[in-house]
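What follows is one structure encoded as structure tokens, with my remarks underneath.
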Amino acid sequence: MKFEGKIWKFGNDIDTDVIIPARYLNTTSHEELAQHCMEDVDPSFAQKVSKGDMLVAGKNFGSGSSREHAPVSIKAVGVSCVIAESFARIFYRNAINIGLPILESPEAARDAEEGDIFEVDADSGVIHNVTKAKSYQAAPFPAFIQEIIHAGGLIPYVKERIANA
């Protein structure tokens, strides 16, 4: 999977309550969750982000509660990929389960500035900062995780496997 988009940069310890505030957890509507993505750190984020843009963050992105609403809101708002110095373990797994590509690259995350243009090959782990003409190598996902992400998440992946069995 290849992506190109503008970077929206956030700092360290962006927790799930910042990604999608708890006051919006009474809905399962992806569209409604998208409208409130990152609202408590940037109230106009959902209106500014364009389909295909990417989030870049520091350490421990997605810490906090284990709600899948957080990666769902990011994917639903149109973000194609999240790159961070590191991810909270439960967020990492939830992102894969809903088919949101995420890559750990401390160097790319530290060098990125908001507004930079990134090209990402999620299958190989190559991240290219077009604006700064610099490339970075993140660890690519194993083949079975790539299959889950390509299918759009764990549930579509399982349905596809059952249908082809």
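Nothing in this text is a laboratory measurement; each read-out follows from the coordinates by a stated rule. Here the structure is a predicted model, which means the values were calculated and not measured. In this analysis, Cβ positions are derived from the backbone assuming ideal geometry, glycine residues included, and neighbour counts consider all displayed protein chains.
Of note:
- Point-to-point label distance, Ala163-Ile145, nm (Cα→Cβ direction, 7 Å offset): 2.6
- With an a/c value of 1.5 or above and a/b not larger than b/c for the gyration tensor axes a ≥ b ≥ c computed over the alpha-carbon atoms, the chain is described as oblate.
- If you sort the three axes of the alpha carbon gyration tensor as a ≥ b ≥ c, you get a/c under 1.5 for region 38-106, which makes it rounded.
- Other residues with beta-carbon under 10 Å from the beta-carbon of Ala151 carry, at +1 per Lys or Arg and -1 per Asp or Glu, a net charge of 0.
- The label point for Asp123 and the one for Ala22, both projected 7 Å from the Cα toward the Cβ, are 4.2 nm apart.
- Result for the chain in a Gaussian network model with C-alpha springs under 10 Å: among Leu55, Leu100, Leu154, the largest mean-square fluctuation is at Leu154.
- Sorting Glu31, Glu119 by the number of Cβ atoms found within 10 Å of their own Cβ, with the fewest placed first, yields Glu31, Glu119.
- Our summary gives region 17-165 a relative contact order of 18 percent, counting only alpha carbon pairs under 8 angstrom and 6 or more residues apart.
- Taking every C-alpha pair closer than 8 Å and separated by at least 6 residues, the mean separation divided by the residue count of region 113-165 gives a relative contact order of 21 percent.
- Within the straight-line cut-off of under 28 Å between alpha carbons, the lysines reachable from Lys159 are Lys2, Lys51, Lys75, sequence neighbours fewer than 8 places apart in one chain being disregarded.
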